[in-house]
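Here the structure comes first, spelled out in structure tokens, and everything after it is commentary.
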Amino acid sequence: MKRMITTSVEETMDLATRFVRSLPPTSTIVALSGDLGAGKTTFAQGVLRACGATPPYTSPTFTIMKEYVIPGGVFERVIHCDAYRITAQDMLELGWEEMIAAQNTLIVVEWSERIAHIMPQSAIPIACAVVDDTRRAYTMREKL
Ligand code: ADP
Ligand code: MG
């Protein structure tokens, strides 16, 4: 595992860009864990920007999930979800199985630890943490 420290929102967005470029162009799930304020939404917004999704990249804390269709993108569809207010059962009822089986789709899940048992083995975990006021730590797989 490697631990990357960012010192600003923009640096976190840049880290997310490098992360997206390291991904194979096949359906992928990114599992973001960590407390409130750890920088999950910021990282997800960087992923959305790197994928060419059309802003605004509103946090799905209340809406649970937001889908971006990106014609001609490396990923044709990016789904940004937040499991903070829901259970794994809710996620299944929202069509989780179909979502994760879809082609050419990147799924980014905040609070993935809340629905850990429905996350596939292939999901890429990224643990987010507050270091101090301006620094956030992202712990991710070595290869990426
Ligand atoms: P979460 O989704 O984990 O609750 P957010 O991304 O919504 O976290 O919020 C992160 C907060 O931390 C924002 O208010 C942001 O301005 C602040 N912040 C400070 N430093 C950083 C950094 N290095 N990376 C990302 N966010 C940071
Ligand atoms: Mg968030």
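An ellipsoid equivalent to the chain, defined through the eigenvalues of its Cα gyration tensor, has semi-axes of 21, 18, 15 Å when rounded to whole angstrom and sorted largest first.
What separates the Cα centres of the stretch 62-125 and the stretch 1-17 is a distance of 22 Å.
With K and R counted +1 and D and E -1, the other residues having a Cβ less than 14 Å from that of Pro25 yield a net charge of +1. Taking Cβ atoms as reference points and 14 Å as the exclusive limit, the residues near Arg77 contribute a net charge of -2, counting Lys and Arg as +1 and Asp and Glu as -1. Each of the peptides 41-49, 96-104 was scored by the mean count of other Cβ atoms within 10 Å over its residues; in descending order, highest first, they stand as 41-49, 96-104.
Estimated at 0.36 nm per residue, the fully extended path between Glu113 and Thr63 surpasses their Cα-Cα distance by 16.2 nm. Stretching Ala101 away from Arg49 to a fully extended chain increases their span by 16.4 nm, per 0.36 nm per residue minus the current alpha-carbon distance.
Considering only the stretch 7-108, what is the antiparallel percent among its DSSP beta bridges, to the nearest 5? Expressed as a percentage, antiparallel bridges in the stretch 7-108 total about 40. The smallest convex shape that holds all Cα atoms of the stretch 74-144, its convex hull, gives 123 Å³ per residue. Pull up the DSSP beta bridges for the stretch 77-144 and report the antiparallel fraction as a percent, rounded to 5. Restricted to the stretch 77-144, the bridges split so that about 40 percent are antiparallel.
Residues with beta-carbon under 13 Å from that of Thr12, excluding Thr12: net charge, scoring Lys, Arg +1 and Asp, Glu -1?
Taking every Cβ under 13 Å from that of Thr12, the sum is +2.
Placing dummy labels 7 Å off each Cα toward the beta-carbon, the span from Asp90 to Ser122 is 2.7 nm.
The label point for Thr26 and the one for Asp133, both projected 7 Å from the Cα toward the Cβ, are 4.6 nm apart.
Estimated purely from DSSP H runs of n ≥ 4, each contributing -39500 (n - 2.57), the mean residue ellipticity at 222 nm for the chain is -7500 deg cm²/dmol once divided by its residues.
Taken together, the values in this text are just the output of simple stated rules run on the coordinates, not laboratory data. Computed from a prediction, not measured in an experiment: that's the story for all the values here. Note: ideal-geometry Cβ built from the backbone for every residue, glycine included; neighbour counts use all protein chains shown.
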